[in-house]
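What follows draws every value from the coordinates through simple rules; no lab data is involved. This one's a predicted model, so the numbers in the text were calculated from it and none came from an experiment. Note that each Cβ is placed from the backbone with ideal geometry, even for glycine, and that neighbours are counted across all protein chains shown.
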Amino acid sequence: PGRGRFLLAFSVSLVAWWCQAQGWAPEEDHSLQIPKGWSHVGRVAPSDELVLIFALRQQNVEQLAKLVGRVSDLDSPQYGKYLSLEELRMLVQPSRLTLSTVHKWLVAYGIKGCKTISTMDFLECVMPACMAERLLPGAQFHRYVSGQRSAVRSPVPYSLPEELAEHIDFAPVGGLHRFPAQSMVVNTPLGKQDMAARDQHGRAAFHLGVTPSVIRQRYNLTERDVGASPNNSQACAQFLEQYFHPADLAEFMQLFARSFGHRSQVDQVVGHQGSGKAGLEASLDVEYIMSSGANISTWVFSNAGILPTPI
């Protein structure tokens with residue numbers, strides 16, 4: 001294989017360290033069994049590059065949790081007063097001791113130039129597989145495939161120096177043993193229509209979720225049940241700096257409204273329509289009112305403030 005680069009989210013917790021000290025893998029809750037559907041290809045070449053992501057211990061986590069509660073509480077004088085990224089960094093960034101201890105550990109193995117983020121609580125380090133196995137004694141990196149997917153994992157436990165237990169935090173989204181989750185079919189039996197949706201092997205068909213077609217079907221709306229009178233109109237209101245994006249609306253209609261007549265543009269926006277990323281709530285409100293009340297003139301009333309005041 002070439003010098004492929006594989007992303008491995010690596011982390012370990014204090015509890016896991018004590019388990020390892022007793023001869024157990026640090027990731028005690030992760031099975032070493034290869035999941036069904038994954039095939040072993042072989043051991044990763046020593047020169048293949050791996051990307052290890054280390055989650056460093058944050059400071060003031062309890063204080064941050066309380067702050068989140070206050071800025072989210074309508075009755076709190078701190079409601080809506082969110083921290084800037086710089087303020088968040090000053091609050092939670094790892095201690096100097098943590099940064100120094102982890103840095104010295106990595107440098108001792110010749111690992112330099114790791115990337116970090118603004119809050120300095122994650123490190124992304126690129127290294128050859130042979131160096132990664134020396135850094136994490138016991139680890140052996142193997143390649144596995146499942147269909148078009150590929151993953152590099154260690155089928156055996158590894159260890160860490162005891163002095164790192166206080167400085168490397170736990171990140172449940174990764175690890176050296178956990179495999180990517182298999183795609184799951186989301187489907188609830190609905191009678192004859194669901195039976196018809198099953199394939200020839202009797203398996204449930206893939207279900208995207210609650211799309212406009214699902215809602216229209218529940219309300220017994222056919223492709224002919226769309227707005228036809230120019231006097232019809234509808235509106236939705238957005239608060240707390242929630243905005244929609246016209247391009248997102250047009251794409252949504254292209255994807256999910258092909259089976260019925262519809263409009264792909266809002267006719268009028270009343271108030272301030274912010275720029276930048278669209279908000280999830282505003283986007284869903286506009287998209288679903290225009291796909292349920294299809295082909296009807298739609299207005300959006302927008303309040304730019306961060307406090308829930310009347311429009």
*Using r as the Cβ-Cβ distance of Ser100 and Thr222, and R0 as 41 Å, what FRET efficiency do you calculate, to the nearest 0.05?*
0.05
*asked:* Counting pairwise Cα distances across region 55-113, what percent come out greater than 20 angstrom?
replied: 43 percent
*asked:* Can you compute the FRET efficiency between Ala237 and Lys115 using 1/(1 + (r/R0)^6), with r the Cβ-Cβ distance and R0 = 35 Å? Round to the nearest 0.05.
replied: 0.25
*First measure r as the distance between the Cβ atoms of Trp299 and Ser150, then evaluate 1/(1 + (r/R0)^6) with R0 = 41 Å and state the FRET efficiency to the nearest 0.05.*
0.25
*If you add up the charges near Phe260, with Lys and Arg at +1 and Asp and Glu at -1, over every other residue whose beta carbon is less than 15 angstrom from its beta carbon, what do you get?*
+2
